[in-house]
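Worksheet: one structure, shown below.
The values are calculated or read from the model by the stated rules, or taken from the named source; none is laboratory data. The model shown is predicted, which means the values in this text are computed figures rather than measured ones. Glycine gets a Cβ as well: all are built from the backbone with ideal geometry, and neighbour counts include every protein chain shown.
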Ligand SMILES: [Zn+2]
């Protein structure tokens, strides 16, 4: 089997997961176009469904779905007796596939598809999770950030943020499904959420610095106010940090939505969402 599969791989493509037979449905414009069973393989590039037809005159059939084209993924387990795991993957063209098998198998497939999506994700604002990330960044900076204005080094950081986000979605889904043995997942969720927050603050700060530099170069006007993107909650108390020197901001000194850093004297602005927390 492996030799046959390897012969149909693209250059640079390798098998990451070799599964068993799954029920596969391909839905186009809300109509089921294909419904059949296939052997599933997940490579570093795609989800590959494979089938051999004929006994005497063997002919293979392979269906590919690129991991980079994934728009959204959902996983659920249905049925009380003889539970089935159902993995639904929506692609950017609006078409979707359903993969069904016993939970032990579909969970493994789900995990590998998630990892593959994470490695292949394209920063495109039409994808819901990327939209959510831009919403978080824009909220923290208090202005709308457009993808088109950002340079590659920041897009790379946003990819990293997307990977953490995908991990959070995966862990949350598994927590809903698993009744016991949640301890590890709870720890992982906590860690991923704190990684996301840390990375979000750092990306937002870099975006701000970058956009300020662009603005200054274009207009010759120096940006006076820096926006605070670093904050933390300790025992119900909000602490804000100066983006220039890292010094703590005395929240009592905030007037309207601005404050002067007493260490480096820079003028700072506090995003609306953070002010609401005070
Ligand atoms: Zn400062």
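Checking the condition within 16 Å of the ligand (Cβ to nearest atom) and within 24 Å of residue 147 (Cα to Cα), which residue from 207, 166, 228 passes? Show your work before the answer.
Values: 207 fails: within 16 Å of the ligand (Cβ to nearest atom); 166 fails: within 16 Å of the ligand (Cβ to nearest atom).
Of 207, 166, 228, the one residue that is within 16 Å of the ligand (Cβ to nearest atom) and within 24 Å of residue 147 (Cα to Cα) is 228.
I'd like the residue in the range 95-130 that is touching a residue at least 40 places away in the same chain (Cβ under 8 Å) and in a loop (DSSP other than H, G, I, E, B) and, out of all such residues, is nearest to residue 154 (Cα to Cα).
122
Pick from the range 256-278 the residues that are touching a residue at least 40 places away in the same chain (Cβ under 8 Å) and near the ligand (Cβ under 8 Å from one of its atoms): which of them is nearest to the chain's Cα centre (by Cα)?
Out of the qualifying residues, it is 268.
Would you point out the residue of the range 88-100, among those that are at negative phi and over 17 Å from the mean Cα position of the chain (by Cα), that is surrounded by the fewest Cβ atoms within 10 Å (Cβ to Cβ)? Reasoning before the result, please.
As a first pass, look at the range 88-100 and keep what is at negative phi: 88-93, 95-100.
Subsequent filtering for residues that are over 17 Å from the mean Cα position of the chain (by Cα) retains 93, 95-100.
Working: 93: 9, 95: 17, 96: 19, 97: 19, 98: 16, 99: 24, 100: 17.
Result: 93.
Go through the range 226-264 and report how many residues are at positive phi and modelled with pLDDT of 90 or more. It would help to see each step written out before you state the result.
We begin by selecting, within the range 226-264, every residue at positive phi; these are 235-236, 246, 256.
Adding the requirement that they be modelled with pLDDT of 90 or more leaves 246.
Selection size over the range 226-264: 1.
What number of residues within the range 22-60 satisfy the criterion of being out of contact with any helix residue (DSSP H, G or I) (no Cβ under 9 Å at 6 or more places or on another chain) and at pLDDT 95 or above?
The qualifying residues number 15.
Restricting the search to the range 73-87, which residues are touching a helix residue (DSSP H, G or I) at 6+ places or on another chain (Cβ under 6 Å) and surrounded by fewer than 17 Cβ atoms within 10 Å (Cβ to Cβ)?
Correct list: 77, 83.
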